[in-house]
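Below is one structure, written out as structure tokens, with a few remarks after it.
A short reminder: the numbers here are calculations on the coordinates, not readings from a lab. As the structure is a computational prediction, the values presented were derived from the model and not from experiment. So basically every Cβ, Gly included, is an ideal-geometry build from the backbone, and we count neighbours across all protein chains shown.
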Amino acid sequence: MKYLRNLAQGLLILIFALFIIGAAFTWHYRDISANELQKKYASIESKFLEIDGVRFHYRDDGPRDGLTVLLVHAHWASLIMWDQLATVLSDKYRVVRFDMAGHGLTGIDPSGDYTLSRGVELMQQFNKALGLSKFDIIGTSLGGTHAIHYTIRNPGQVNRLVLLNPGALNAGVRGRDTARALPWWIDALTVITPRSFFQFMLEGGYGDPNSVPDEVVTRWHELQMGDDHRRAELDRTQQYVSGDIVGMIRKLSVPTLIMWGEENPVVTVDQAYEFIDLLENAPEKQLAIYPGLGHMAVLEDPIVTSRDIRSYLDGTRSFEDHL
């Protein structure tokens, strides 16, 4: 009898201890409020606009009468990744950039729809709200894929494309017409999301894994801890369908610059040459390969990539030597 009482007491103590540990973990990895994140990461130029239920964070810099450039960031990232490029362009160009739904300081999409189609639809409504009718698009990774879809869906709006390491041709996603299932344990990331997860993810995208700045890891981690952002990102990953991306690239009929990190471990550099070959209807196509850089070239060397984009937009430099 005494043994059973001791066993019961031991189980109660264990359950209580597990409860305390679970509560501590939940508290430590709790969502960071939008107000708290805004105080830290919004700038004086930050603006907010509600589009179809989504509270968008965006910046609109440069002369309003200048040529317009729309910047579309990568998966898990935010408009902050474009700071250097925006600075380089905004003396001459109108530079518009936004955080996608569930990224940065933009709220989640209450519809729960994070498909590519919905992302492009929100871009259309955002551009219409800002009165943007003709512009260049610069997109990286998932942002590049959005740029491709947007250009095909809105003929006549896009003047030129600049695509940095677009993930469209990656073996795991190209041609998918059905969403993929995620591992059973993935939902744990909505409760426990350590900073090390983002360290690991960024290191896996850099050409030199040892060059990831601490402040970039911290920013990605904190911004993804926004209200329900973790759930939104997992939903986006699970809902991702690229469709006939090869056919879409073939249909692109605007001048296009492809920029690729030679050490890209996520989307290997051989796909850059495949991409160029697929641009059979583009009136002009150029390719720039960057030795030592990986999938996150915008972050790895913002000075060089920004300089080259400016040269391309100004028409002062050709990158055809890589073709």
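Out of all DSSP beta bridges with both ends in the chain, state the antiparallel percent to the nearest 5. Mind showing how you got there, number by number?
Details: 9 of 33 bridges.
The answer is about 25 percent antiparallel.
Each of residue 124 and residue 55 was given a label point 7 Å from its Cα along the Cα-to-Cβ line. The distance between the two points is 2.7 nm.
Placing a pseudo-label 7 Å from each Cα along the Cα-to-Cβ vector at residue 201 and residue 320 gives an inter-label distance of 4.0 nm.
The string of couplings for segment 286-296 from the Karplus curve (6.51, -1.76, 1.60, θ = phi - 60°) is 9, 9, 10, 10, 10, x, x, 9, x, 6, 9 Hz, one whole number per residue in order, with x for Gly and Pro. Note that segment 271-283 has calculated 3J(HN,Hα) couplings of 6, 4, 6, 5, 4, 4, 5, 6, 6, 6, 9, 6, x Hz, one per residue in order, obtained from phi through the Karplus relation 6.51 cos²θ - 1.76 cosθ + 1.60 (θ = phi - 60°); glycine and proline are x.
Amide H to amide H, with H built 1.01 Å from N, residue 269 comes under 5 Å of 264, counting only residues 5 or more places away or on other chains. Residue-wise HN-Hα couplings along segment 304-313, as the Karplus relation 6.51 cos²θ - 1.76 cosθ + 1.60 with θ = phi - 60° gives them from phi, are 5, 5, 5, 4, 5, 5, 4, 4, 5, 5 Hz; Gly and Pro carry x. Between residue 95 and 61, 62, 69, the built amide H atoms are under 5 Å apart, and every one of these is 5 or more places off in sequence or on another chain. Residues 218, 193 in ascending order of nearby Cβ atoms (within 10 Å, fewest first): 218, 193. Here the Gaussian network model covers the chain, with springs between Cα atoms less than 10 Å apart; of 150, 114, 41, 41 fluctuates the most. A simple spin-label model places the labels of residue 218 and residue 170 2.7 nm from each other, with each point 7 Å out along Cα-to-Cβ.
Within segment 62-179, DSSP assigns beta bridges of which about 0% are antiparallel (rounded to the nearest 5). Between amide H atoms placed 1.01 Å from N, distances below 5 Å from residue 160 occur with 136, 137, all of them 5 or more places distant or on a separate chain.
Shown here for segment 207-299: GluC sites (Glu not before Pro) in loop regions (DSSP other than H, G, I, E, B) with at most 13 other Cβ atoms within 10 Å, namely 280, 284.
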